[in-house]
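Everything on this sheet refers to the single structure shown next.
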Amino acid sequence: MADVTLQSRPATSAEPLAVAHGDLQPAHAGPWSAHLEFADQVPPPTGAVTLTWLGRQWLGRVLRSGASSAGRTYALIVGGNGHLSEPTPPILNARAYRNTAARLVVQQLLTEAGETLSAASDSAVLSQSLTFWPRRRDTAQRLLDDIARKLKCVWRVLADGSVWFGRDAYAETTSTDLQALDIQDPSKAVADFVPHSFGPVPGEAYQGRRVGAAQHTISPDGPFLRLWYLDSATTDLDEIGRAHV
């Protein structure tokens with residue numbers, strides 16, 4: 001069984017596509033993304049998919065896919081179920097709210113975007129009352145950014161495809177089956193591992209250190225994980241940003 005596979009959602013009788021090379025970048029803010037090269041010559045996948053990475057399922061949609069002149073098939077997957085993962089996202093209409101709970105503003109926006117609000121979202125954040133909130137006419141992602149700035153929080157697409165709103169608590173992860181590699185650069189708050197199960201994601205802590213970004217990669221040599229930490233004066237914030245380019 002391949003460590004990383006992709007399957008259409010809902011699942012069909014067809015075997016999942018084995019991934020030979022690729023990377024998965026869980027988001028600190030926004031939708032997660034994965035770029036994949038498949039092990040076999042297969043038709044480019046489309047639509048809603050389930051990405052399984054070291055036993056963890058990630059629900060998303062194919063943003064782009066295709067085959068190279070050499071016959072290799074590639075796909076870019078983005079987290080979410082609706083308009084967050086379309087090549088040209090539709091423009092949502094403007095709305096005006098008065099004396100409205102933030103939860104209703106967020107819920108209506110996600111419903112229009114074909115997305116769902118995570119039940120794990122921070123209730124203290126979403127219970128805030130907005131005296132006046134003029135939602136402009138724009139894409140869902142930009143409108144979500146607007147309301148997150150107003151609420152002083154972040155939003156991200158979780159593995160289950162739902163959208164989480166809140167402030168990170170950096171709880172210690174339950175992912176402990178990581179083998180540290182002896183190639184660490186002490187001048188940077190970066191750590192490299194061989195994971196034997198799915199590792200930490202942004203918003204969690206690992207061995208007491210807050211994870212700001214994570215990059216999971218797969219190749220014929222096996223899985224690899226790089227973490228960028230936020231709790232050190234040597235943290236290169238630009239490098240953390242580049243982890244999600």
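The values are calculated or read from the model by the stated rules, or taken from the named source; none is laboratory data. Because the structure is a prediction, the values reported are computed rather than measured. Cβ coordinates were reconstructed from backbone atoms using ideal geometry, including for glycine residues, and neighbour counts include every protein chain displayed. Each accessible area value is taken on the protein alone, full model and side chains, heavy atoms only, with ligands, DNA and RNA left out. Shrake-Rupley method; radii C 1.70, N 1.55, O 1.52, S 1.80 Å.
Assorted remarks:
- For the residues SER65, SER85, the requirement of being under 19 Å from the mean Cα position of the chain (by Cα) and free of Cβ contacts under 8 Å to residues at least 24 places away in the same chain singles out SER65.
- Being free of Cβ contacts under 8 Å to residues at least 24 places away in the same chain, open to solvent by 40 Å² or more (accessible area, probe 1.4 Å) and more than 23 Å from ARG61 (Cβ to Cβ) is a description that applies to ALA180.
- Residues (surrounded by 10 or more Cβ atoms within 10 Å (Cβ to Cβ) and hydrophobic (A, V, I, L, M, F, W, C)) located in the range 68-89: ALA75, LEU76, ILE77, VAL78, LEU84
- Residue in the range 141-162 that is out of contact with any Phe, Trp or Tyr (no Cβ under 7 Å at 6 or more places or on another chain), buried (at least 19 other Cβ atoms within 10 Å of the Cβ) and of a type outside the set (A, V, I, L, M) present: yes
- The range 87-108 - residue that is part of a strand (DSSP E or B) and in contact with a helix residue (DSSP H, G or I) (Cβ under 6 Å, 6 or more places away or on another chain) and, of those, farthest from SER33 (Cα to Cα): TYR97
- Filter result for the condition that a residue is closer than 19 Å to LEU92 by Cβ and of a type in the set (Phe, Trp, Tyr), over TRP133, TRP164: TRP133
- Residue list for the range 109-140, restricted to those being assigned to a helix (DSSP H, G or I) and buried (at least 16 other Cβ atoms within 10 Å of the Cβ): LEU109, LEU110, GLU112, VAL125, LEU126, ALA140
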